[in-house]
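Since the structure comes first, as structure tokens, the remarks are kept for the end.
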Amino acid sequence: EYADEDIDETNYVTRPPVVTIMGHVDHGKTSLLDKIRSAKVASGEAGGITQHISAYTVDQNGQKITFVDTPGHAAFSAMRSRGADVTDIIIIVVAADDGVKPQTEEVISHAKASGCPIIVAVNKIDKESANMDMVKAQMAEREMTPVDWGGDVEFIGVSALNGTGIDDLLENILIQSEMLELKADPTAKVKGAVVESLLEKGRGPVATIIVQNGTLKVGDNIVCDTTYGRVKAITNDQGKPVKELGLSETGNVLGLNDVPVSGAVMVAQDSEKEAREIATTRAEHARAKELSKSTK
Ligand code: GDP
């Protein structure tokens, strides 16, 4: 439903990178995401900064970077297989005092399979027991050789506790992003991905969406997998109401008839009727499939 003719390169502009952080549990993924956000979003603007949000955009010296908190590798793989592959760059976080762990190994293979550029954030370098060389050696053994050891992977020492290395990390992301030459068309038919969704009391289904092409506007008729609706309201990553979301931007969208699965592809249709038809047909197919499974 998102055909090649919808892509017109003449309107291409550079778009911000979308970054996913992955790593072994307790190595500091959440802390790092929180620290980057609190360091880079002007205080006051961010409102409830302590509140967990699944995606946000920061400004690094005038250049934007969007971070997505994918709940786990399973979700990451599901998004990829659905074609809602939002990630441009992967950060693997490894605790400097703990080194490579089983989940780190999993993350390495997921990251390699994705083909995205990888940056290693060696976290907790504030700790006395931090050992950067140990981490580098362990990663090098897994074909993740540091640039300063003759390989091609950047290792950045960071501390989600005191903020050391955060600027380095962001600068590095921007360098990788420039090499990727990420382009999209803000005037194209809008396409995006649902990174998280929930049913909110009094508000109905809420979908956190990242825009990959085009511009998502209030009033657009969208389909997210088996759900559809006319966009009633959008709040940005700071909880403020906005009229639209641009390239690589993220926000919460109201107006869907039901809660879409996270990882669903979002596309706009010309009319609400079309959107409803596509979503309803899909929902029926999905139900039929479920039914045939359960009767087998
Ligand atoms: P996650 O499971 O990867 O999301 O890890 P968390 O962000 O929840 O962090 C796990 C624990 O490590 C928490 O107790 C954090 O306070 C601590 N932690 C995270 N980053 C740092 C860091 O840079 N330095 C130190 N000393 N502790 C950290």
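The values are calculated or read from the model by the stated rules, or taken from the named source; none is laboratory data. It should be emphasised that the depicted structure is a prediction, and the values quoted were computed from it without experimental measurement. Every residue, glycine as well, gets a Cβ built from its backbone with ideal geometry; the counts of neighbours run over all protein chains shown. What goes into the accessible areas is simple: the full protein's heavy atoms, side chains included, and nothing from ligands, DNA or RNA. Shrake-Rupley method; radii C 1.70, N 1.55, O 1.52, S 1.80 Å.
Before moving on, here are some points about what is shown:
- Taken over region 111-263, lysine pairs spaced eight or more positions apart, or on distinct chains, with alpha carbons under 12 Å apart number 5.
- The angle between the Cα long axis of helix 272-295 and the main principal axis of the chain comes to about 70°, on a 0 to 90 degree scale.
- Dipole magnitude for the chain: about 1160 debye, using +1 per Lys or Arg Cβ and -1 per Asp or Glu Cβ, origin at the Cα centre.
- Mean sequence separation of contacting Cα pairs (under 8 Å, at least six apart), scaled by the length of the chain, corresponds to a relative contact order of 19 percent.
- Solvent exposure ordering (accessible area, 1.4 Å, most first) of His27, His110, His285: His285, His110, His27
- Relative contact order (%) - criterion: Cα under 8 Å, at least six apart; region: region 91-183: 27 percent
- GNM flexibility winner over the chain from Asp152, Asp97, Asp88 (Cα, springs under 10 Å): Asp152
- Rule-of-thumb Rg ratio for region 229-296 [Cα; 2.2 N^0.38 Å; N residues]: 1.40
- Dividing the Cα radius of gyration of the chain by its Kirkwood radius returns 0.99 for Rg/Rh.
- Accessible surface ranking that places the most exposed of Glu200, Glu181 first, with a 1.4 angstrom probe: Glu181, Glu200
- Sorting the Cα pairs of region 198-244 by distance into bins of 5 Å, from 0 upward, gives 5, 17, 31, 32, 13, 2, 0 percent per bin.
- Taken per residue, the accessible surface of the chain reaches 48 Å², heavy atoms only and a 1.4 Å probe.
- Taking the accessible area of region 218-257, probe 1.4 Å, and keeping the other protein chains in place, the carbon and sulfur fraction comes to 45%.
- Just so you know, the Cα atoms of region 170-288 work out to an Rg and Dmax of 14.8, 49 Å.
- Residues of type aspartates and glutamates that Lys29 reaches as a straight line, Cα spacing below 18 Å, ignoring anything fewer than 8 places off in the same chain: Asp69, Asp88, Asp97, Asp98, Glu105, Glu106, Asp126, Glu154, Asp167, Asp168, Glu196
- Relative contact order of region 166-296, defined on C-alpha pairs under 8 angstrom at six or more residues apart (%): 27 percent
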